[in-house]
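The block underneath contains the structure these notes are about, expressed in structure tokens.
The values are calculated or read from the model by the stated rules, or taken from the named source; none is laboratory data. Being a predicted model, the structure only gives us computed values, none of them experimental. In this analysis, Cβ positions are derived from the backbone assuming ideal geometry, glycine residues included, and neighbour counts consider all displayed protein chains. The protein model used for the area step is the full one, side chains on, heavy atoms only, and it has no ligands, DNA or RNA in it. Shrake-Rupley method; radii C 1.70, N 1.55, O 1.52, S 1.80 Å.
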Amino acid sequence: MNKFRILIVEDDPPIRNLIATTLKTNGYKYLLAKNGEEALRQASTYGPDVIFLDLGLPDMDGIRVIDQIREWSNMPIIVISARSEDDDKIEALDAGADDYLTKPFSVEELLARLRVMQRRLSLLRSDKDPNESPIYINGVLKIDLAAGCAYKNDEELKLTPIEYKLLCLLAKNTGKVLTHKFITQKIWGSAWDGNVASLRVFMASLRKKIGNDNSSTPYIQTHVGIGYRMLKADEKENTVK
Ligand code: CA
């Protein structure tokens, strides 16, 4: 039995049942909430490890649920969005969600996202807080935060200051999808559109320098129209984008 407990917040019974059955079949424990009020009560009473949160709830917007939970907890939140537009996903990510699923999604996709969040959770809970630890290691990638140097296979990467800042920002948020707005604000202190265009250029160059390890999956995932995410080396293989 997997000791992770997941809160499913979804007002649509067939989808709620699909998620519940998938989790049960795969040995996860779960709790159910069918509206925002129940979600907040369950989250604060039981402290689940991960939340699947539908954004379109009958009593309140899912964004409000994220806002309220983020006042007291950094528990991973995966939003479930029915709409194909990116705007609500971006809003949810900027409010503090970690990842998103778009309806309709496959069972494999759901489980893959959950595994990424489990990895992220162990990172958040480990003694080696990625924000405190001076050395970040992810597969063949290493960042010596105190020295301000990054390495691949113990060979120093020749990064520009902005590329290095980008790499550190992604590394510190491993497993979490970061929006263009979030990244440009952190790197340049503002989020104007011109910076998003620059971001793409810097990111392309950074990714070229980092390259891949033995696998074909890059460390930095691109989420088209939304942003980027750093994956753990051992999670890249079985992650469905
Ligand atoms: Ca709904």
Say whether the condition of being aliphatic (A, V, I, L, M), within 16 Å of the ligand (Cβ to nearest atom) and more than 24 Å from residue 177 (Cα to Cα) is met by at least one residue in region 27-42.
yes
In region 13-29, what residues are within 21 Å of residue 59 (Cβ to Cβ) and surrounded by 16 or more Cβ atoms within 10 Å (Cβ to Cβ)?
15, 16, 19, 20
Looking at this structure, is residue 88 within 16 Å of the ligand (Cβ to nearest atom), among the acidic types (Asp, Glu) and at pLDDT below 95?
yes
Report every pair of residues separated by at least 6 positions or lying on different chains whose Cβ atoms are under 8 Å apart, first residue within region 34-60 and open to solvent by 40 Å² or more (accessible area, probe 1.4 Å), second assigned to a strand (DSSP E or B) and charged (D, E, K, R).
46/5
Tell me, please, whether a residue that is surrounded by 17 or more Cβ atoms within 10 Å (Cβ to Cβ), among the charged types (D, E, K, R) and part of a strand (DSSP E or B) can be found in region 140-150.
yes
Residue list for region 52-69, restricted to those being of a type in the set (D, E, K, R) and within 10 Å of the ligand (Cβ to nearest atom)
54
Selection within region 213-241 - more than 15 Å from the chain's Cα centre (by Cα) and at pLDDT 85 or above:
225
Identify the single condition in (1) modelled with pLDDT of 95 or more; (2) over 29 Å from residue 191 (Cβ atoms) that residue 115 does not satisfy, given that it satisfies every other one.
(1)
From 166, 121, 111, which residue is out of contact with any Lys or Arg (no Cβ under 7 Å at 6 or more places or on another chain), farther than 30 Å from residue 12 by Cβ and either in contact (Cβ under 8 Å) with a residue 24 or more places away in the chain or assigned by TED's automatic domain parsing to the domain that holds residue 230 (or both)?
166
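Every residue, every condition in (1) of a type in the set (Asp, Glu); (2) closer than 25 Å to residue 42 by Cα; (3) open to solvent by less than 30 Å² (accessible area, probe 1.4 Å), yes or no:
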| site | (1), (2), (3) |
| --- | --- |
| 103 | no, yes, no |
| 108 | yes, no, no |
| 118 | no, yes, no |
| 125 | no, yes, no |
| 136 | no, no, yes |
| 154 | yes, no, no |
| 157 | no, no, yes |
